[in-house]
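Taking it in order: structure first as structure tokens, then the write-up.
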Amino acid sequence: MILASAPFWTLPITALAALTYALPALVPRRLGDLQAKRLLLLAWAFHALSLLLLLMGPVRFGFAPALSVTAWLVVTAYMIETQFFPKLKARWAVGSLGAVTVALAWIFPGTPLTSQASAWLPLHWALGLSAYGMFAAAVVHAWMMTRTEHDIRLAHDGTSGLPLLTLERLTFRFVMAGFVLLTATLAAGTLFGEALYGQTHTPWHWDHKRVFALLSWITFATLLIGRKLWGWRGRRAVRVLYIGAALLLLSYAGSRFVLEVLIGRAG
């Protein structure tokens, strides 16, 4: 079981990022909107710095850094959204997600990367991680959509700050963006896999990561087609989104978690 953490000197930045994420999540009522936004922006900056520190020395990567990058992208999307939708309230969700993942990335920084892969591999990873980020943002919005629908049924004020239809529209925009990025990632891996991963890789190299990624692509394609042709929405759409996101999570982060933590193999 691999428990090697990141260098100890990176702990202060990691702790600052986790703390500034946690404050808006744990004490939302004691902070005004402006204070919460400033703390979230500060946490976002500390988070970015902690990710950059992982690249210093021997470059390492694994399931926890992948989740950390995903969370950073979700926070980025949230901060951009609040410029257009100031009433959007998801500080608890994004703050909790950021605090947990930034701590995980310090505890489990991953395994050292080899120098045999192509220089284009980071671009391929960037596409994949961007897809992770968009689908994670879609999941957060779907969760808010479910809570808002529940509030409406109980005649309570919505906790998300946005109308249900607006949340639904935003959710599917993130799904579409993630689907485009995931399609590009799978296409690049299939067409240029040998150049990206080395001579041992074949265009149709089937492993658990590709199988789960393809299953998630099929699930998201079904969701988008179902919405377009049959008007899928509400609980049905959310369930399909959750299934697709779970499959995508298993495709890289889940498989790397098993290898790095449960099995303890660095490969």
Residues (over 24 Å from residue 105 (Cβ atoms) and hydroxyl-bearing (Ser, Thr, Tyr)) located in segment 212-241: 219, 222
Identity of the residue in segment 198-223, of a type in the set (Ser, Thr, Tyr), open to solvent by 20 Å² or more (accessible area, probe 1.4 Å) and modelled with pLDDT of 60 or more, that ends up farthest from residue 124 (Cα to Cα): 222
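If you take the residues of segment 176-194 that are among the small types (Gly, Ala, Ser) and in contact with a Leu (Cβ under 9 Å, 6 or more places away or on another chain), which of them is modelled with the highest pLDDT?
Residues of segment 176-194 among the small types (Gly, Ala, Ser): 177-178, 184, 187-189, 193.
Then keep just the ones that are in contact with a Leu (Cβ under 9 Å, 6 or more places away or on another chain); that gives 178, 184, 188-189.
Numbers: 178: 96, 184: 91, 188: 79, 189: 75.
Among those that are among the small types (Gly, Ala, Ser) and in contact with a Leu (Cβ under 9 Å, 6 or more places away or on another chain), it is 178.
Can you pull out every residue in segment 7-51 that is small (Gly, Ala, Ser) and part of a helix (DSSP H, G or I)? Before the answer, list the steps.
Restricting attention to segment 7-51, the residues satisfying the condition of being small (Gly, Ala, Ser) are 15, 17-18, 22, 25, 32, 36, 43, 45, 48, 50.
Within segment 7-51, 15, 17, 18, 22, 25, 36, 43, 45, 48, 50 meet the criteria.
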Segment 132-163 - residue that is within 24 Å of residue 84 (Cβ to Cβ), small (Gly, Ala, Ser) and at pLDDT below 90 and, of those, least open to solvent (accessible area, probe 1.4 Å): 160
Top-ranked residue in segment 115-131 [being in a helix (DSSP H, G or I) and small (Gly, Ala, Ser); ranked as modelled with the lowest pLDDT]: 126
Subset of segment 225-244 (residues that are open to solvent by less than 80 Å² (accessible area, probe 1.4 Å) and assigned to a loop (DSSP other than H, G, I, E, B)): 231, 232
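The values are calculated or read from the model by the stated rules, or taken from the named source; none is laboratory data. All values derive from a computational prediction rather than experimental measurement. Cβ atoms come from the backbone with ideal geometry, glycine included; neighbour counts cover every protein chain shown. Please note that ligands, DNA and RNA were not included when accessible areas were found on the heavy atoms of the full protein model with its side chains. Shrake-Rupley method; radii C 1.70, N 1.55, O 1.52, S 1.80 Å.
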